[in-house]
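The values are calculated or read from the model by the stated rules, or taken from the named source; none is laboratory data. Here the structure is a predicted model, which is why all the values come from computation and not from measurement. Note that each Cβ is placed from the backbone with ideal geometry, even for glycine, and that neighbours are counted across all protein chains shown.
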Amino acid sequence: MSCIKSRLLPAFAAVILCHVVSLAQVQPGSQPAAPREIHGQVRLTEGGAPAQNVLVRLESYESGGPLSEAFTDRSGKFRFSSLSPAQYSVKVHQSGFLDTQQSVDLQTASSGYVILQLTSDTSRSRSVSSAETVDANVPQAAQREFDKGVAALAGGGKEKTAEASRHFEKAVAIYPHFVQARLKLGTAYMDIQEWDKAEGMLLATVAIDPKAANALFALGEVYLQRDKTQDAERVLLQGLQIEDRSFLGHLNLARVYWNRAQTLKVLDQAKPALEKSYAEVKRALQLNPNLAGAHLLKGNLLLRGARPAEALTEFDEYLRLEPKGQLADETRALVEKIRKTMAHQSGSRLR
């Protein structure tokens, strides 16, 4: 094992902060302009019912690179905000249905509205689950509390999140099978670090809807935070069986294997976990090349594998994407140490 690896492997390497449900938006371009938005609705072609809990992806029209993702609400609606003027593609990939997409040009318009139709894929026998259509049993009182909670979350901050959680709690009390409210409540508990409550609520969500991949991914994050590696691996694999194209799902699974490798001091013992982690982080970056946390983890994996020059590339990319990120200062210090060590070794060889 090289001296660079042993001396410079950072203690913060396992801390890759990325939420599975609340996704940070990456806007293309740097030209200052008023923020823009894309909103719309996903409906089933057969009958026209709204499609709830469906994953919608926003991509760059030119590069095809993923920028953000969102799940539709009970009315099949979704929204992407704080966008820069550019051309975008809005895509839906849902098991049992044909892929669909629509382009939106925000170079001259301030907003765009799209309606995406989900048509059954007759080549497959899988059908839409009950959670993907609107739940007509949600009482108006529960829906009002849910809407108040969503509005409070938009305000940001711990106090607003706590306020939102109270509204979601009321919505769930009124209608215990309100899956979307349970999911929002579980992630709100995560945001205020009430991990026991978050785990219980997300487990209840999955019990009601076993196909709720986003709830499984959130539960994986909870287990990671609580060092329950085996539980995290189990629910993340379960979620990826439902939605294999979730880049955050693959990243969190990579974190699971990285954490497992960190407990094994002998390289030969840690190697299988490191190889799994590397495969998952590569998959995450294939799905979203702009996923900063994935570049940071990949850099640590390369450093652990005694490949400092390649690790530098990943660390530099992380800093480009998140120059003011929570781990930016530590990463800059690490990059400086690696470069100094490499320069020293290069000078020693020349002498």
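What to note about this one:
- Test: residue in segment 155-164 that is free of Cβ contacts under 8 Å to residues at least 60 places away in the same chain, of a type in the set (S, T, N, Q) and either outside any helix (DSSP H, G or I) or assigned by TED's automatic domain parsing to the domain that holds Ala51 (or both): no
- Failed item in (1) surrounded by fewer than 16 Cβ atoms within 10 Å (Cβ to Cβ); (2) in contact with a Lys or Arg (Cβ under 9 Å, 6 or more places away or on another chain); (3) in contact (Cβ under 8 Å) with a residue 60 or more places away in the chain; (4) not aromatic (Phe, Trp, Tyr), with Lys282 passing the rest: (3)
- Unmet requirement for Tyr257, which otherwise passes all of (1) part of a helix (DSSP H, G or I); (2) free of Cβ contacts under 8 Å to residues at least 12 places away in the same chain: (2)
- The residue that is nearest to Phe146 (Cα to Cα), counting only those in segment 158-198 that are in contact with a Leu (Cβ under 7 Å, 6 or more places away or on another chain) and either surrounded by fewer than 19 Cβ atoms within 10 Å (Cβ to Cβ) or of a type outside the set (Gly, Ala, Ser) (or both), is Phe168.
- Neighbours by Cβ (under 8 Å, 6+ apart or cross-chain): first from segment 72-92, β-branched (Val, Ile, Thr); second not in a strand (DSSP E or B): Thr72/Gln52; Thr72/Asn53; Thr72/Val54; Val92/Val54; Val92/Asp99
- The set of residues in segment 290-331 that are assigned to a helix (DSSP H, G or I), of a type outside the set (A, V, I, L, M) and surrounded by fewer than 16 Cβ atoms within 10 Å (Cβ to Cβ) comprises Glu310, Thr313, Asp316, Arg320, Asp329.
- Pairs where the first residue, in segment 193-215, is assigned to a helix (DSSP H, G or I) and the second is among the acidic types (Asp, Glu), C-beta under 7 Å, 6+ apart: Ala213/Glu243
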